[in-house]
Amino acid sequence: WWCWWYGGTFGQRSMIDIYPLLALAMGAFFKHVSTKRVIVWAGAALFPLLVALNHFQIWQFSEGLIHFDSMTKRSYFIGFFQTDFQRDWSYNLVAPDIAKAKSGYPEKHQKEDYYFKKISLQGGDSLRYVSSEINRAGELTLNRWDPNDWEQFLVSPVDGKKISLKAANGRFVTTDLNRDSVLHADRDNAWEWEQFELICLDDRKAVLKAFNGCYVRLQDKKTPAYLAATVLSVDSATVFKLQLIKEPK
C-alpha cells in the first residue's frame, strides 16, 4: 500500500489481519522463555510499564500531543511523557509527501522540490524565521515568528546546480564580501555572489553554501541574529528548516 503511515491514527491497525500468525509466533516465544526465570521476572516487571506507556500515549494522541501522521524521531522524544504542548515539538514535525508516496517516489526532499516556489527558512534550533529587513538595507536576520512577506524567498535554479533567492523587495540575496560576507537582499541580478548551493538534509532541513565555499551560518554577536557565509563546516547554526509557502488560489 502506498500509504506506509496507514493514515491519520495511533497504532498499527493495518496489522490486525495477521494477528493470528503473530499469535503463533508469540506463543512459541513464551514457551521458549517460560523455563528461564530471570526473563520471566523481567518480563513481569516490564509488561505493566509498557501497558501504562501505551495508555498514556493514547491519552497524548487524544490531546493532540502525538501527531496523527507527521511524527519524527526527534518530535517523539521531545514530547515523550509531556502533558503540555511543546513548541519545539511542532517545529520538528514533518508531514508525509502524499503525492510522492502515491507515485512511488522517495519522500526525501530534494532541491528540485523548491524550484520556482516560495519558501521560508527557520534558523538552527530557533523557531524564528529569516527575514529580509527592508528597513536595514535588506539584511537577512532571524527575528520573526511568522512567515509573512518579508520572510518569503523565491527559489530559482541557476545552471541546474545552484539556486538564487529573491526576497519580497524584488532583490536577490547576495553574499557581500565587502560587508564581511553578511547576506543582504539588495541586488538586481543573480550573478556569482547571488548564487548558493542548496544541500538538502533529512526532515525538510538544508544548508546553504555560498560562492566563497563557506556555509551560511547564524551569527549571534548582536541582536537580532544575522546571516553570513563564514564557516567551512556544518553545525547546528548552519541548518535551516525549509517550508513551502502555499500560494493563494
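Identify, from the list L121, L93, the residue that is under 24 Å from V239 (Cβ atoms), surrounded by 13 or more Cβ atoms within 10 Å (Cβ to Cβ) and either polar (S, T, N, Q) or in contact with a strand residue (DSSP E or B) (Cβ under 8 Å, 6 or more places away or on another chain) (or both).
Result of the check over L121, L93: L121.
Working only within region 197-249, note down all residues that are part of a loop (DSSP other than H, G, I, E, B) and over 21 Å from the mean Cα position of the chain (by Cα).
Scanning region 197-249 gives F211, N212, G213, C214, D220, K221, K222, T223, P224, L232, P248, K249.
Of all residues in region 20-54, which are surrounded by fewer than 10 Cβ atoms within 10 Å (Cβ to Cβ), assigned to a helix (DSSP H, G or I) and of a type outside the set (A, V, I, L, M)?
Result: P20, K31, R37, P48.
Of the conditions (1) closer than 30 Å to Y76 by Cβ; (2) in contact (Cβ under 8 Å) with a residue 40 or more places away in the chain; (3) of a type in the set (D, E), E139 fails just one. Which one is it?
For E139, the exception is condition (1).
Kindly provide the set of residues from region 160-178 that are of a type outside the set (S, T, Y), part of a strand (DSSP E or B) and out of contact with any Gly (no Cβ under 9 Å at 6 or more places or on another chain), ordered by number.
K162, I163, L165, K166, F172, D176
Does D88 fit the bill of being in contact with a helix residue (DSSP H, G or I) (Cβ under 7 Å, 6 or more places away or on another chain) and in contact (Cβ under 8 Å) with a residue 24 or more places away in the chain?
Answer is yes for this residue.
Does region 130-150 include one or more residues that are under 21 Å from the mean Cα position of the chain (by Cα), closer than 14 Å to K117 by Cβ and in a strand (DSSP E or B)?
Looking through region 130-150, none of the residues is under 21 Å from the mean Cα position of the chain (by Cα), closer than 14 Å to K117 by Cβ and in a strand (DSSP E or B).
State which residue is nearest to W150 (Cα to Cα) when the search covers only region 181-196 and only residues that are small (G, A, S) and not in a strand (DSSP E or B).
Among those residues, the one meeting the criterion is A190.
If I ask for residues that are free of Cβ contacts under 8 Å to residues at least 60 places away in the same chain and surrounded by 18 or more Cβ atoms within 10 Å (Cβ to Cβ), which ones from region 220-237 would you list?
Scanning region 220-237 gives A228, A229.
Mind listing whichever residues of region 70-125 are at pLDDT 75 or above, part of a helix (DSSP H, G or I) and within 13 Å of the chain's Cα centre (by Cα)?
If the condition is that a residue be at pLDDT 75 or above, part of a helix (DSSP H, G or I) and within 13 Å of the chain's Cα centre (by Cα), then K73, R74, S75, W89, S90 are the ones that fit.
Given the conditions (1) modelled with pLDDT of 90 or more; (2) touching a His at 6+ places or on another chain (Cβ under 7 Å), which single one is not true for C200?
Unmet for C200, out of (1) modelled with pLDDT of 90 or more; (2) touching a His at 6+ places or on another chain (Cβ under 7 Å): (1).
The values are calculated or read from the model by the stated rules, or taken from the named source; none is laboratory data. For clarity, every value in this text was computed on a predicted model and none was experimentally measured. Positions of Cβ are backbone-derived with ideal geometry, glycine not excepted, and every protein chain shown enters the neighbour counts.
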